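Encoded as structure tokens, the structure appears first; notes follow it.
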Amino acid sequence: MEHVGKFSSVKEQGTAIWIGVRDAEHPCGFAEFSVDPGRHPGDMTRIYVTYYNIITPTGEPPE
């Protein structure tokens, strides 16, 4: 991994909108998160979530 320099951290507090969901038919699974920090300082950060149900005996996600 190439060193690109020091960055100073910025902490901001804000309201986060979220939702919790329970899948009674497929109670086991995992989530993949992808973060888009925006293109410029001050842009809105977005988090994308993909949820995979585990419905096979081997634990592989469905196709």
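Residue order by solvent-accessible surface for ILE17, ILE55 is ILE17, ILE55, largest first, with ligands and nucleic acids left out and a 1.4 Å probe. Near MET44, within a Cβ-to-Cβ distance under 15 Å, what is the net charge of the other residues, with Lys and Arg +1 and Asp and Glu -1? Charge balance near MET44 sits at -1.
Placing dummy labels 7 Å off each Cα toward the beta-carbon, the span from TYR52 to PHE33 is 1.7 nm.
The values are calculated or read from the model by the stated rules, or taken from the named source; none is laboratory data. Keep in mind that this is a model prediction, so the values were computed, not measured. Positions of Cβ are generated from backbone atoms using ideal geometry, with glycine treated the same way; all protein chains shown enter the neighbour counts. Only protein heavy atoms, including side chains, enter the accessible area calculation; ligands, DNA and RNA are left aside. Shrake-Rupley method; radii C 1.70, N 1.55, O 1.52, S 1.80 Å.
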